[in-house]
């Protein structure tokens, strides 16, 4: 081809321009392949919240006709008031929502139950442990308030009647277990209400979904509202009773 021959313009500049152009095209090709993670496509609520069998346990269909529709799982635009990079979990106790921040200004939003008056808290933690159908150990102060719980002093085995539901994500601060959890519930009509002792409740179908999307060490931000107590203050008050743990390793029997 004639334009490759040496002439008045020389081969060097033409070839250099050709190579630069090819490099730019290659970079453009790379840019096209570096896309945000595709947004989840959700089934209709009747499918999302249908009855399922999980680890040998039967999860009943959620009573979605009795739950306000805003508390059902959906992909939404991330509100300006919700902080965090993609992958962060943000709990908004005031509106009873939990957000998993996605790419592209979007978030997966779930309805939740939150701490009742006197048990609400705010601050940052991390997912330090994860369990399928976790065993429940009522805290000593809860037993003091309700002596009937003494029968579970050695723990209640996981199952549909267990108050932690199908999954639990244990919130730690550093290597200290805060004793707060994001978990399922055997009381689906508590979603959208302030009814817990500080933990974040989700429908079992929702907590199963979130559990599969959230790895260990995920940042969790719980926003403050009027009357909430900062997590740092709670931990300082209870520093002599909170369990200090080593982080789980690959050898640990943590499902998921």
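The values are calculated or read from the model by the stated rules, or taken from the named source; none is laboratory data. Just so it is clear, the model here is predicted, and its values are computed rather than measured. FYI the Cβ positions are ideal-geometry reconstructions off the backbone, even for glycines, and counts take in every protein chain you see.
Tabulated values for the structure
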| quantity | calculated |
| --- | --- |
| Checking residue 70 against (1) assigned to a helix (DSSP H, G or I); (2) more than 16 Å from residue 112 (Cβ to Cβ), the condition it does not meet | (2) |
| Qualifying residue in region 41-50 (condition: closer than 18 Å to residue 211 by Cα and crowded, with 19+ Cβ neighbours inside 10 Å) | yes |
| From the options 31, 22, 107, residue that is at pLDDT 95 or above and outside any loop (DSSP other than H, G, I, E, B) | 107 |
| Checklist (1) within 27 Å of residue 157 (Cα to Cα); (2) without any contact (Cβ under 8 Å) to a residue 40 or more places away in the chain applied to residue 49, failing item | (2) |
| Single match in 61, 125 (criterion: at pLDDT 95 or above, in contact with a helix residue (DSSP H, G or I) (Cβ under 7 Å, 6 or more places away or on another chain) and either on the phi < 0 side of the Ramachandran plot or not in a loop (DSSP other than H, G, I, E, B) (or both)) | 125 |
| Every residue from region 140-164 that is part of a helix (DSSP H, G or I) and at pLDDT 65 or above | 140, 142, 144, 145, 147, 148, 149, 150, 152 |
| Residue check for residue 207: part of a strand (DSSP E or B), at pLDDT 95 or above, out of contact with any helix residue (DSSP H, G or I) (no Cβ under 8 Å at 6 or more places or on another chain) and on the phi < 0 side of the Ramachandran plot | no |
| Test result for residue 221, surrounded by 20 or more Cβ atoms within 10 Å (Cβ to Cβ), at pLDDT 90 or above and at negative phi | no |
| Filtered residue count, region 104-125, keeping only those that are surrounded by 14 or more Cβ atoms within 10 Å (Cβ to Cβ) and closer than 23 Å to residue 39 by Cα | 7 |
| Scan of region 214-236 for residues that are outside any loop (DSSP other than H, G, I, E, B) and either within 28 Å of residue 109 (Cα to Cα) or in contact with a strand residue (DSSP E or B) (Cβ under 9 Å, 6 or more places away or on another chain) (or both), ordered by number | 219, 220, 221, 222, 229, 230, 231, 232, 233, 234, 235 |
| Residue 178 modelled with pLDDT of 95 or more, surrounded by 15 or more Cβ atoms within 10 Å (Cβ to Cβ) and either touching a strand residue (DSSP E or B) at 6+ places or on another chain (Cβ under 6 Å) or in a loop (DSSP other than H, G, I, E, B) (or both) | no |
